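Only one structure is covered here, and it is reproduced in the block below.
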Amino acid sequence: MAVTVKFFASVREAVGASSETLVLPTSVTTVGELRAHLAARGDAWGQALGSPALRMACDQIMCGADSPVADGAEVAFFPPVTGG
């Protein structure tokens, strides 16, 4: 399953990327599992994605960690407050 992951504001700055497309292992089926998968990459990733206040969206709809991720989905991670 391939998904596009987008990072916004301080999350983008911390991980050094605004987006990426990746093929997920079969064990990753929810937004929360995707978050944990990315956080396991190391320090900057873990810190950026580890905040309990982190906001998540799947296909441009706000969601929780238990939301399923389908093939071709767009998942976004961003801090609770972003400015323009």
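Quick rundown of the values:
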quantity	calculated
Single residue of the stretch 28-37 satisfying the filter (out of contact with any Ser or Thr (no Cβ under 9 Å at 6 or more places or on another chain) and either aliphatic (A, V, I, L, M) or within 17 Å of G16 (Cα to Cα) (or both)) that is surrounded by the fewest Cβ atoms within 10 Å (Cβ to Cβ)	A36
The one condition in (1) free of Cβ contacts under 8 Å to residues at least 60 places away in the same chain; (2) surrounded by fewer than 17 Cβ atoms within 10 Å (Cβ to Cβ); (3) touching a strand residue (DSSP E or B) at 6+ places or on another chain (Cβ under 7 Å) that T4 fails to fulfil	(1)
Tally, over the stretch 9-18, of residues that are hydrophobic (A, V, I, L, M, F, W, C) and either in contact (Cβ under 8 Å) with a residue 40 or more places away in the chain or at positive phi (or both)	2
Filtered residue count, the stretch 44-68, keeping only those that are more than 21 Å from T26 (Cβ to Cβ) and in a loop (DSSP other than H, G, I, E, B)	7
Filtered residue count, the stretch 38-84, keeping only those that are surrounded by 12 or more Cβ atoms within 10 Å (Cβ to Cβ), touching a Lys or Arg at 6+ places or on another chain (Cβ under 8 Å) and not β-branched (V, I, T)	9
Inter-residue pairs, beta-carbon under 6 Å, first among the acidic types (D, E) and in the stretch 19-35, second outside any loop (DSSP other than H, G, I, E, B), 6+ apart	E20/V5
Any chance A9 is modelled with pLDDT of 95 or more and more than 12 Å from the chain's Cα centre (by Cα)	no
V11 being assigned to a loop (DSSP other than H, G, I, E, B) and crowded, with 17+ Cβ neighbours inside 10 Å	no
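The values are calculated or read from the model by the stated rules, or taken from the named source; none is laboratory data. Everything numeric in this text was worked out from a predicted model, so none of it was measured. Backbone-built Cβ (ideal geometry, glycine too); neighbour counts: all protein chains shown.
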